[in-house]
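Input: a single structure, listed below in structure tokens.
The values are calculated or read from the model by the stated rules, or taken from the named source; none is laboratory data. All of these numbers come straight from a predicted model, not from anything done at the bench. As a convention, Cβ positions derive from the backbone with ideal geometry for all residues, glycine included, and neighbour counts pool all protein chains shown. We work out accessible area using only protein heavy atoms, side chains counted, and drop any ligands, DNA or RNA first. Shrake-Rupley method; radii C 1.70, N 1.55, O 1.52, S 1.80 Å.
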Amino acid sequence: MKHPQSRGEWIGSRGEFLIERHIADAMAAPHWHDHVEINLLMAGQMTYLFNGRQEQVEAGRLVLFWAAIPHQTIAVSENAPLVCLYLPLVDFLGLPVDRKARQSIMQGRFLAQAYQETMDALTLPRWEKEWQCGSAARRKLVVEEARLRIRRLILDNAESDNSPTHVSPTSLAGQAVRHVELLIDLINSRYADPVSVADLAKLAGMHPSTANSAFRKVLGISVNEYLTRHRIARAMQLLTDTDDPVLQIGFDCGFGSSSRFYEIFKERTGTTPRHFREAVNSKNTPAS
């Protein structure tokens, strides 16, 4: 899964686990895909534009984020090798991790290891090699080990009150980024309401065209597209974490009708809300 260079786009995963290694480079536009992504930069530094903010990635420290949120590398050291691991969202939701930590990731947290783990620099390249060349049994073992490492990373951060998010002051289209940050905060708090782009822009004290222009400049998508993605993400959380009726979840996440909820959910995820819940529950059911 190489980063597209010419335009932002959704990269479908077909529900597949993947691990790869390549030389990191700056992307011409944001992209997104339906995985939780784990990165290990082997050398140098890299900066992501993620969720409207710049996030610094340091060599030797794992980072984790939900890749359905548009992201873009905007600055990379020369000859910086990067190992990327892509865990399908349904597998991530099935992990026995702290619910609040999982929700914070799906709400846009950029998780970073607080310190370098010496073993990561040895383990992830080995996983990549075994994934590319190993037997089916060895590849299965890679997936199991990767899931355990993700659980440890989340637990380490959940137990640390001062885990860094590596947010740095932004110099890229500074005013546009500030607009995006304000709009994202409003979407986080008002997504369940029947709000329009005009409503959000008015609350933010800007013209709707200014709002959309800022979003397209920073994230490569419109405000409405981001709002739709946010609502889908919240619906996925509720389908996973609660027994609330599917139709109630649709209304609670800002979809005005059951038909609209089903239509958009299936269009964006490839499955219906009910089948998505069943798939997650099957991941969480212990084998007899």
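For this structure, a couple of remarks:
- Within segment 148-177, considering residues that are under 17 Å from residue 99 (Cβ atoms) and surrounded by 17 or more Cβ atoms within 10 Å (Cβ to Cβ), the one modelled with the lowest pLDDT: 157
Conditions (1) under 15 Å from the mean Cα position of the chain (by Cα); (2) open to solvent by less than 10 Å² (accessible area, probe 1.4 Å), marked per residue:
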residue	(1), (2)
53	yes, no
65	yes, yes
69	yes, no
74	no, no
81	no, no
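- Only one of the listed residues (244, 185, 193) is out of contact with any Phe, Trp or Tyr (no Cβ under 9 Å at 6 or more places or on another chain) and touching a residue at least 40 places away in the same chain (Cβ under 8 Å). That residue is 193.
- Some residue of segment 41-61 being assigned by the TED database to the domain that holds residue 117, touching a Cys at 6+ places or on another chain (Cβ under 9 Å) and touching a residue at least 40 places away in the same chain (Cβ under 8 Å): no
- Spans of helices (runs of 4 or more DSSP H) in segment 57-149 with at least 3 residues closer than 26 Å to residue 272 by Cα: 89-93, 99-106
- Evaluation of residue 108 against (1) at positive phi; (2) surrounded by fewer than 16 Cβ atoms within 10 Å (Cβ to Cβ) (one fails), failing number: (2)
- Neighbours by Cβ (under 6 Å, 6+ apart or cross-chain): first from segment 125-138, in contact (Cβ under 8 Å) with a residue 24 or more places away in the chain; second buried (at least 16 other Cβ atoms within 10 Å of the Cβ): 127/19; 127/142; 128/19; 128/21; 128/83; 131/19; 131/139; 131/142
Listed here are the residues, each with its yes/no results for (1) more than 16 Å from residue 31 (Cα to Cα); (2) in a helix (DSSP H, G or I); (3) touching a Cys at 6+ places or on another chain (Cβ under 6 Å).
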{"residue": "189", "(1), (2), (3)": "yes, yes, no"}
{"residue": "192", "(1), (2), (3)": "yes, no, no"}
{"residue": "195", "(1), (2), (3)": "yes, no, no"}
{"residue": "199", "(1), (2), (3)": "yes, yes, no"}
{"residue": "206", "(1), (2), (3)": "yes, no, no"}
{"residue": "211", "(1), (2), (3)": "yes, yes, no"}
{"residue": "214", "(1), (2), (3)": "yes, yes, no"}
{"residue": "221", "(1), (2), (3)": "no, no, no"}
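- When each of 232, 249 is tested for being outside any loop (DSSP other than H, G, I, E, B) and at pLDDT 90 or above, the lone residue that passes is 249.
To keep it simple, each residue is scored yes or no on (1) closer than 24 Å to residue 32 by Cα; (2) out of contact with any Leu (no Cβ under 6 Å at 6 or more places or on another chain); (3) loosely packed, with under 13 Cβ neighbours inside 10 Å; (4) not basic (Lys, Arg).
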residue	(1), (2), (3), (4)
233	yes, yes, no, yes
237	yes, yes, no, yes
241	yes, yes, no, yes
247	no, yes, no, yes
259	no, yes, yes, yes
262	yes, yes, no, yes
267	yes, yes, yes, yes
282	no, yes, yes, yes
